[in-house]
Amino acid sequence: MSQRRGVDVKTVVVAVVASVITGMTIPAVSAIVDAVNADKVDEKHAVGVKSSVDNRAGKLVATGKNGRLPNNIIAKAPNAARLGGMKASDFLHDLGPARDFIAGGSCDPGADTDYETCATVRLSVPRSGRVMLTLDASWRTQSAPSSGRCRFFGPGTSNEQVEFGEPTDSNMSHNFGFNEVTKRLSAGERTFGFECREFDGDTIVFRDRMMSAVFVGSL
């Protein structure tokens, strides 16, 4: 007689011999097999929730009174390095910003109405994500009426322009700020800048530019 479902052959033989001696009806072999395997499920033993890691190897583990398995039932969750589906590194903002600080010097676009670069920053984008650009500066009328436009440039920028100017000379400096979040960019070295132009002659000048670029991740 061969083994069936991992049952010890001796167990079956002893049961048959005992039945013959006592004159009892020989139980079905399948019933004996099921009785021997009564403490198994699909050939696996079950152990309690407090069993050690070594003792529960290859066995079924029962849940505790709270209906949960022990915390160490797995060594590490497959997605343990993610939060909300994102890599933990996506939340790291310690790479430091790129900065350009120009004190005093003027950015005076020419009368040909072409854009002139007034500030640039270079940033290493570590992985796919967005970059926040900020700029603080001032402008002053050189010859009224003054008229000019400025915008950010670089990968992922919107090309949106803002107009400056006044109808009369005021001899005053006007402070202004720019900010923008780029479209999602791929990893690599990226250059961003701020550029301005003027209209109808030498009418406006831009000063005291301070520009920064910061990687903000996959927002």
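The values are calculated or read from the model by the stated rules, or taken from the named source; none is laboratory data. Model, not experiment: these values are computed from the prediction. Cβ placement follows ideal geometry from the backbone for every residue including glycine, while neighbour counts extend to all protein chains displayed.
In this structure, is E166 of a type in the set (D, E) and outside any strand (DSSP E or B)? Taking the combined requirement at face value, the residue satisfies it. Residue pairs whose Cβ atoms lie under 7 Å apart, separated by 6 or more positions or on different chains, with the first residue in region 115-126 and in contact (Cβ under 8 Å) with a residue 60 or more places away in the chain and surrounded by fewer than 21 Cβ atoms within 10 Å (Cβ to Cβ) and the second assigned to a strand (DSSP E or B) and hydroxyl-bearing (S, T, Y), are T120/T191; R122/T191. In the condition set (1) touching an Asp or Glu at 6+ places or on another chain (Cβ under 6 Å); (2) touching a residue at least 60 places away in the same chain (Cβ under 8 Å); (3) part of a loop (DSSP other than H, G, I, E, B), A144 is compliant with all but (2). For S158, the requirement of being within 24 Å of S128 (Cα to Cα), in a loop (DSSP other than H, G, I, E, B) and assigned by TED's automatic domain parsing to the domain that holds D114 is met.
Any residue that is surrounded by 21 or more Cβ atoms within 10 Å (Cβ to Cβ) and under 21 Å from the mean Cα position of the chain (by Cα) - is there at least one of those in region 157-180? No, region 157-180 contains no residue that is surrounded by 21 or more Cβ atoms within 10 Å (Cβ to Cβ) and under 21 Å from the mean Cα position of the chain (by Cα). Within region 197-214, the residues that satisfy the criterion of being assigned to a strand (DSSP E or B) and either of a type outside the set (F, W, Y) or outside the structural domain of F164 (by TED's automatic domain parsing) (or both) are R197, E198, I204, V205, R207, D208, R209, M210, M211, S212, A213, V214.
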